[in-house]
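J.: Quick one: the structure is below, and I'll ask about it shortly.
The values are calculated or read from the model by the stated rules, or taken from the named source; none is laboratory data. Not measured: the values here are computed from a predicted model. Here the Cβ positions follow ideal geometry from the backbone for every residue, glycine too, while neighbour counts run over all protein chains shown. Accessible surface areas use protein heavy atoms only, side chains included; no ligands, DNA or RNA. Shrake-Rupley method; radii C 1.70, N 1.55, O 1.52, S 1.80 Å.
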Amino acid sequence: MMGKTPFLLPEAARKPFALFLGIVFGFLLQKGGVTRYEVIIGQLLLLDFTVLKVMLSAVLAGMLGIQVLLQLKLVALHPKHGSVGSSVIGGLIFGLGFGLLGYCPGTAAGAVGQGSLDALFGGVFGMLLGTAFYSGIYPRIETTVLRWGTFGDITLPEVLHSARWKVVIAVAAVIASALSAMSFLGL
Amino acid sequence: MEWLFLPRWPAVTVGILIGFLECLTFLLLDKPIGCSTAFARTSGMIEKALRGSATAEKPYYRLFPPVIDWEWMFVFGIPLGAFISAVSSGTFRIEWVPSLWAGIFGPGVSSRLITALAGGFLAGLGARWAGGCTSGHGISGSLQLAVSSWLASAAFFAGGILSAMLLFSLARG
């Protein structure tokens, strides 16, 4: 049978492979410097643009790679469902925490590995408490706030009524220009 | 092979490699990279251990059962990989208070831990509220051109810039 993803690993191999990918991801985050409090706060104070450079180049490379794999029918997309109440309000709450903590969930895990104990006893513990709190309020906000301004799992090409590859090329050009501008400005 | 042990790699090199990693997870696991769900599953596992099986009946844990899945293994790998990178490049150090924090707010551990705990609480809450974090929305969702992810990413940075600037301007007076 030809599934949507012909190279999907057999069930038993997925967790070991995911562990391996996580190790590589953690290695890369540490090499990029984004597991450092100074680098993340530097970004949020608009003094050091490392975080944005890592994220934008990851989006650029991943977007182009996924587009090629999509044309070859080797992968399926998994865009997340969204609403104003979820994406914007949740995003702002996350952001306020991000600025106080100086790490995000992935980089806090990475920071623990380089010996940053504030990322463990503050970050990881705090995030566990925050997610536990969310599981408690979820039934109440699920039928209210999370439904405000629902737009579902739409993607930019759908909004623009344009072919996916055209939007990919346009977004790639914008990101490449932004990265060049940062390098030109010495950020 | 010396480059493997350098303390820092150029940001764009790291980003491109992360983009390649995303392609691998889509191709071989049929999933985008994400981190915050694993935290929700872990808090569910802890709650289950403390309160018993009624935890699994909570609506949120029916959506995200408190079990070890592939993403949990992925997040478990992150500190291991960062440890390998830090030790092999000589940047591993046990640190309670980051130097930037110590320079502005002083070397006291408790004020840093309380702020980090409050920040972690909001980051964990907000990530699940938005349905993803800087990895799941910021990178994985943005590269799929998902509207939810571009909006959430803008909100992540808007909130982050606001709270970091407020915190540091308060300290500087």
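J.: Please indicate, with yes or no, whether at least one residue in segment B:102-121 is more than 7 Å from chain A (Cβ to nearest Cβ), in contact (Cβ under 8 Å) with a residue 24 or more places away in the chain and either among the acidic types (Asp, Glu) or farther than 23 Å from B:Leu21 by Cα (or both).
T.: yes
J.: While we're looking at this one, here's another question. Residue pairs, Cβ under 9 Å, 6 or more apart or interchain, first in segment B:4-25 and among the β-branched types (Val, Ile, Thr), second open to solvent by 50 Å² or more (accessible area, probe 1.4 Å) and in a helix (DSSP H, G or I). List them.
T.: Once the first residue is among the β-branched types (Val, Ile, Thr) and sits in segment B:4-25, its partners that are open to solvent by 50 Å² or more (accessible area, probe 1.4 Å) and in a helix (DSSP H, G or I) give B:Val12/A:Ser183.
J.: Regarding segment A:124-146, can at least one residue be identified that is among the polar types (S, T, N, Q), open to solvent by less than 10 Å² (accessible area, probe 1.4 Å), in contact (Cβ under 8 Å) with a residue 24 or more places away in the chain and within 8 Å of chain B (Cβ to nearest Cβ)?
T.: The answer is no, given that none of the residues of segment A:124-146 is among the polar types (S, T, N, Q), open to solvent by less than 10 Å² (accessible area, probe 1.4 Å), in contact (Cβ under 8 Å) with a residue 24 or more places away in the chain and within 8 Å of chain B (Cβ to nearest Cβ).
J.: Something else about it: Which one of the conditions (1) surrounded by fewer than 24 Cβ atoms within 10 Å (Cβ to Cβ); (2) touching a strand residue (DSSP E or B) at 6+ places or on another chain (Cβ under 9 Å); (3) touching a residue at least 12 places away in the same chain (Cβ under 8 Å) does B:Leu151 fail to meet, given that it meets all the rest?
T.: Going through the list (1) surrounded by fewer than 24 Cβ atoms within 10 Å (Cβ to Cβ); (2) touching a strand residue (DSSP E or B) at 6+ places or on another chain (Cβ under 9 Å); (3) touching a residue at least 12 places away in the same chain (Cβ under 8 Å), B:Leu151 breaks only (3).
Here's the yes/no breakdown for (1) among the polar types (S, T, N, Q); (2) under 27 Å from A:Gly97 (Cα atoms); (3) more than 7 Å from chain B (Cβ to nearest Cβ):
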position	(1), (2), (3)
A:Phe7	no, no, no
A:Ala12	no, no, yes
A:Pro16	no, no, yes
A:Gln30	yes, yes, no
A:Ile41	no, yes, no
A:Phe49	no, yes, yes
A:Met55	no, yes, no
A:Val59	no, yes, no
A:Ala76	no, no, no
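J.: When the residues of segment B:110-119 are filtered to those that are touching a Leu at 6+ places or on another chain (Cβ under 9 Å) and open to solvent by 10 Å² or more (accessible area, probe 1.4 Å), which remaining residue is nearest to B:Arg172 (Cα to Cα)?
T.: B:Thr115
J.: Within the set of pairs 6 or more residues apart or between chains, which connect a residue that is at negative phi inside segment A:159-172 to a residue that is assigned to a loop (DSSP other than H, G, I, E, B) with Cβ atoms less than 9 Å apart?
T.: Sorted first by the residue in segment A:159-172, then by its partner, the pairs are A:Arg164/B:Leu145; A:Val167/B:Leu145; A:Val168/B:Leu145; A:Ala170/A:Ser162; A:Val171/B:Leu145.
The rows are residues; the columns are (1) open to solvent by less than 10 Å² (accessible area, probe 1.4 Å); (2) under 14 Å from B:Ala154 (Cα atoms); (3) in contact (Cβ under 8 Å) with a residue 40 or more places away in the chain.
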position	(1), (2), (3)
A:Ile41	yes, no, yes
A:Thr50	no, no, no
A:Leu56	no, yes, yes
A:Leu64	no, no, yes
A:Gln71	no, no, yes
A:Leu74	no, no, yes
A:His78	no, no, no
A:Val84	no, yes, yes
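J.: Test A:Ala170 against the stated conditions and say whether it is more than 17 Å from the chain's Cα centre (by Cα), surrounded by 23 or more Cβ atoms within 10 Å (Cβ to Cβ), part of a helix (DSSP H, G or I) and more than 7 Å from chain B (Cβ to nearest Cβ).
T.: Against the criterion (more than 17 Å from the chain's Cα centre (by Cα), surrounded by 23 or more Cβ atoms within 10 Å (Cβ to Cβ), part of a helix (DSSP H, G or I) and more than 7 Å from chain B (Cβ to nearest Cβ)), A:Ala170 does not qualify.
J.: May I ask you to say which residue of B:Lys31, B:Lys48 is under 30 Å from A:Gly130 (Cβ atoms), open to solvent by 70 Å² or more (accessible area, probe 1.4 Å) and touching a Pro at 6+ places or on another chain (Cβ under 6 Å)?
T.: Exactly one of B:Lys31, B:Lys48 is under 30 Å from A:Gly130 (Cβ atoms), open to solvent by 70 Å² or more (accessible area, probe 1.4 Å) and touching a Pro at 6+ places or on another chain (Cβ under 6 Å), namely B:Lys48.
J.: Of the residues in segment B:120-148, how many are open to solvent by less than 10 Å² (accessible area, probe 1.4 Å), more than 24 Å from A:Val112 (Cα to Cα) and hydrophobic (A, V, I, L, M, F, W, C)?
T.: Residues flagged as open to solvent by less than 10 Å² (accessible area, probe 1.4 Å), more than 24 Å from A:Val112 (Cα to Cα) and hydrophobic (A, V, I, L, M, F, W, C) within segment B:120-148 amount to 4.
J.: Could you tell me whether B:Ser140 is in contact (Cβ under 8 Å) with a residue 40 or more places away in the chain and more than 7 Å from chain A (Cβ to nearest Cβ)?
T.: yes
J.: Assigned to a helix (DSSP H, G or I), in contact with a helix residue (DSSP H, G or I) (Cβ under 7 Å, 6 or more places away or on another chain) and on the phi < 0 side of the Ramachandran plot: which single residue out of B:Leu21, B:Leu50 fits that description?
T.: B:Leu21
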